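> Here you go, one structure.
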Amino acid sequence: MWGDSLCYVVLVDGDDGLAFPGFCRVIWRAHVREMTDLPMAERRHLMSLVFAVEAAVRLLVAPDKINLASLGNAVPHLHWHVIPRWHDDSHFPAPIWASSARTVAVRSAAFSFANLRNAIGTALSEEQGGS
């Protein structure tokens, strides 16, 4: 979807993508286990991208909340989850990895991959001090 030489962004598909449209992962290309394994400039670059993805998702799907998570317990490779949440989603207020609290209709993803990619680019430019 979006990428540069250091990291890339993917839109989560499958059941999680249907229940939480706009759910993205920001993935560091090189194998790195922890944020503190990165030099400071690379940490800043990664977090700028995480913040830009958050801004893009907020703009396009207008969730009630955004959850940011960097777990890596199952796959010890540096990546961040950007998860849009709604007060009436299937798991709220618990994390999406908890048991479902209720059954809800699948949310409609009212945006295109191109719109998300463009919104990420715009938000990243703003995050890095561009116009």
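> Kindly list, by first and then second residue, each pair from a residue in segment 54-82 that is among the basic types (Lys, Arg) to a residue that is assigned to a strand (DSSP E or B), limited to pairs with Cβ atoms under 8 Å and residues at least 6 apart or on different chains.
Arg58/Ile66; Arg58/Pro84; Lys65/Pro84; Lys65/Arg85
> Then there's this: Answer yes or no as to whether Val82 is under 17 Å from the mean Cα position of the chain (by Cα) and surrounded by 19 or more Cβ atoms within 10 Å (Cβ to Cβ). Show your work before the answer.
Details: under 17 Å from the mean Cα position of the chain (by Cα): yes; surrounded by 19 or more Cβ atoms within 10 Å (Cβ to Cβ): yes.
Against the criterion (under 17 Å from the mean Cα position of the chain (by Cα) and surrounded by 19 or more Cβ atoms within 10 Å (Cβ to Cβ)), Val82 qualifies.
> Select from segment 1-55 the residues that are of a type in the set (D, E, K, R) and within 16 Å of Glu127 (Cβ to Cβ) and list them in ascending order.
Kept after step one, since they are of a type in the set (D, E, K, R), are these residues of segment 1-55: 4, 13, 15-16, 25, 29, 33-34, 37, 42-44, 54.
The answer is Asp4, Glu42, Arg43, Arg44, Glu54.
> Going by what's in this entry, would Arg29 be described as surrounded by 11 or more Cβ atoms within 10 Å (Cβ to Cβ), out of contact with any Gly (no Cβ under 7 Å at 6 or more places or on another chain) and of a type in the set (Lys, Arg)? So that I can check it myself, show each step before the final result.
Working: surrounded by 11 or more Cβ atoms within 10 Å (Cβ to Cβ): yes; out of contact with any Gly (no Cβ under 7 Å at 6 or more places or on another chain): yes; of a type in the set (Lys, Arg): yes.
Yes: the conditions hold for Arg29.
> Scan Leu68, Leu38 and give me the residue that is surrounded by 16 or more Cβ atoms within 10 Å (Cβ to Cβ) and at pLDDT 95 or above. Can you show your working first?
Values: Leu68 fails: surrounded by 16 or more Cβ atoms within 10 Å (Cβ to Cβ).
Among Leu68, Leu38, only Leu38 is surrounded by 16 or more Cβ atoms within 10 Å (Cβ to Cβ) and at pLDDT 95 or above.
> Of the residues His81, His45, which single one is assigned to a helix (DSSP H, G or I) and either of a type in the set (S, T, N, Q) or touching a Cys at 6+ places or on another chain (Cβ under 8 Å) (or both)? Quick ask: steps written out before the conclusion?
Numbers: His81 fails: assigned to a helix (DSSP H, G or I).
After ruling out the rest, the residue left standing is His45.
The values are calculated or read from the model by the stated rules, or taken from the named source; none is laboratory data. What you see is a predicted model; the values in this text were computed from it and never measured. In this analysis, Cβ positions are derived from the backbone assuming ideal geometry, glycine residues included, and neighbour counts consider all displayed protein chains.
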